[in-house]
1. Once Lys and Arg get +1 and Asp and Glu get -1 on their Cβ, which of B:Ser250, B:Val224, B:Ile293 lies farthest toward the positive end of the dipole of region B:87-394?
2. Quick one: which residues, 5+ away or cross-chain, put their amide H under 5 Å from the amide H of A:Val50? H built at 1.01 Å from N.
3. Once you have all Cα-Cα distances for the protein assembly as shown, histogram them in 20 Å bins from zero and send the whole-percent values.
4. For A:Ser122, what is the net charge nearby, where nearby means another residue's Cβ is under 11 Å from its Cβ and Lys, Arg count +1, Asp, Glu -1?
5. When a/c is below 1.5 the answer is rounded, else prolate if a/b is larger than b/c, else oblate, so apply that to region B:265-304 with a ≥ b ≥ c taken from the square roots of the Cα gyration tensor eigenvalues.
6. At 7 Å along the Cα-to-beta-carbon direction for both A:Ser11 and B:His42, put a label point, then send me their distance in nm to one decimal.
7. Show me, for region B:39-52, the HN-Hα J-couplings you get by feeding each phi into the Karplus relation (A = 6.51, B = -1.76, C = 1.60, θ = phi - 60°), rounded to Hz, glycine and proline as x.
8. Would you kindly calculate the translational diffusion coefficient of region B:174-243, applying Stokes-Einstein with the Kirkwood radius from alpha carbon pairs, for 4 °C and a viscosity of 1.567 mPa s, and quote it in µm² s⁻¹ without decimals?
Amino acid sequence: MRFGGLLAVDSVNLELSEKQILAIIGPNGAGKTTVFNCISGFYTPTSGNVLLQGQSIAGLGSHTVARKGVVRTFQNVRLFKRMTALENLLVAQHQKNRASVLAGLFNTPSFRRQEAEAMERSLHWLDYMGLREFANREAGNLAYGHQRRLEIARCMITEPKVLMLDEPAAGLNPQEKLDLQALIRQLRDQYGVAILLIEHDMGLVMGVSERITVMEYGKPIAHGTPEEVRNNERVIKAYLGEA
Amino acid sequence: MQRLLLNLGPALMAAVITALVVTPIFGLQLQRVGGQMSLEYHWSYVLWAALIVFVVQLLKPALKVATKSIVFPRLPSLSPGVRNALIFATLLMAVSWPFFAGRNAVDIATLAMIYVMLGLGLNIVVGFAGLLDLGFVGFYAVGAYTYALLFHWAGWSFWEALPLAGAVAAMFGFVLGFPVLRLRGDYLAIVTLGFGEIIRLLLINLNDWTGGPDGISGIPKPTVMGFEMTRNASVEGGTTFHQLMGWEFSSVHMVIFLYLMALMLAMVTLWISNRLIRMPIGRAWEALREDEIACRSLGLSPMRIKLSAFTLGAMFAGFGGAFFAARQGIVNPESFTFIESALILAIVVLGGMGSQLGVIVAAILITVLPELAREFSEYRMLIFGLVMILMMVWRPQGLFPVTRPQVQVPQKTVT
């Protein structure tokens, strides 16, 4: 990925297999989020490709990529702040709507059934995330940890194949971090999503991921299991500086 | 006292500025005596204006304290039963009053209903979807000319042309929206402003089709179930409405009929826009207004969602336009200038963006008040501007700020 004269990210090669949890780590400005934006369609990579189950999704546009089952959260939570938690989840199901505008206008049985189903799914996810009691609360007024969970729920309700989390632990307290770690595992085990993670919190990264890619200055410098990465010399240098 | 003195400087300044502004408007007046022009000075006006501003500015802090306790009226939250009864009573009154009111009043009310319809249409675009559209009148013109041209060239009746007028305007909305909706905010406003003007200029210059600046006249009024409401049937041997009913012919019937039709169209618009915000598409508009990037990350196509709002809004403008053409009996490009767009936008902003009750009240106020204050017609724009400024200062969220119906968790499923 190149911005004008700046080569932001170069020769990144990631492979995420089904139901895998992969983390990208690296110092600030290493280009992790740029990689995220390329994959999720917010940027069109200037060269290279993104394949989803053998099909190229590079340059399709973010909403098309999302519809193909690759959804993401954001570094700074992007909820619809003035809508309730419940409505946030309802909006996310927009693509599932099959009823026409006319059916909606006349409130036909099929439209009502569809709305009921959307409501049921939303309630399921609110329960799952322990947010049921906040269903009617405006999302912007929720505690930060709850907002993070709601954002993940909003992704999951679209039934994605790949869930991309951009620093999901930022701003969480230690207990919430532990909960998040359990949640990520649980989502993978119960719903079979592959998870791509950007995170600075080493405890979480080492605890949850199966593979780790380390980036520095836009280039990957190491790749492997948490154990391998932890003992990699270049990684230690990148994080601690030259001794 | 201390505070009064502190305010003395700014108050003096404001008085001087007022004097400067007021002098050319009220202070100096050109007088023609015979062939001679002479300037007449009215210094007392200037003095009074400066004095009023001075005193108000001086006492402003005190006033602020005094007015703090004044709470703007808020709509009492009514139970659904009471609300429905109230709506029903209002509707009943709206339907029955033209039979007792004067002809002029009914005529103005008809105009007000057209603006209600236009306001509600634009409310979908600006209020719900948050797209600033300054060329709304273009779609109004498309609707009006669709009926006028279909009548002129193909002899279509109002009822045949009405659905098509809505459809053609919607199509224009779709086609124009397609390239421009990727723009946002101010840029979109400028482009839509341009489109409004282009449509008007096309109407002026496509002389052979649209009759140019003269427009098209002799457009027939709507019929009642196929019976004309005229003194004599236009076709030999046709039956007119008053003959059918066995009434004496009276032109008031037509006025009342037009009013009832406008009321009906406005109600249909209200009902549709009321349903829309409770539907998934309404939630999508709201979400898009809040965070477009988040919408895209969830697979919502911003383009399609914006287009739906733009198209629906244009459709209502089209219906309104067709009705306008039928009511006037004549259409020309003069009726579709930018000031009309601004007026409709003012209705939406004044009422409170996204607030349907507010839009209805504002539309009625804006059409009825100038008629009531005919004596001040010279100062109409001045008063209009003043009201807008005061509104923006004191109540920027509009007459009735929007309270969006939020989806609630159904009670029975709570465990």
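Read-outs throughout are calculated quantities, based only on the coordinates presented, and are distinct from any laboratory measurement. Here the structure is a predicted model, which means the values were calculated and not measured. Neighbour counts run over all protein chains shown; Cβ positions are idealised from the backbone, glycine included.
1. B:Ile293
2. A:Ile57, A:Ala58
3. Taking every Cα pair in the protein assembly as shown, the percentages come to 15, 37, 31, 15, 2, 0.
4. On the way: positive: A:Arg121, A:Arg132, A:Arg154; negative: A:Glu87, A:Glu115, A:Glu117, A:Glu120, A:Asp127.
Charge balance in the 11 Å sphere: -2.
5. In terms of gyration-tensor shape, prolate.
6. Simple spin-label model gives 8.3 nm for this pair.
7. Karplus-based 3J(HN,Hα) across region B:39-52 equals 8, 10, 9, 10, 5, 5, 4, 4, 4, 4, 4, 4, 5, 4 Hz.
8. Here the translational diffusion coefficient equals 81 µm²/s.
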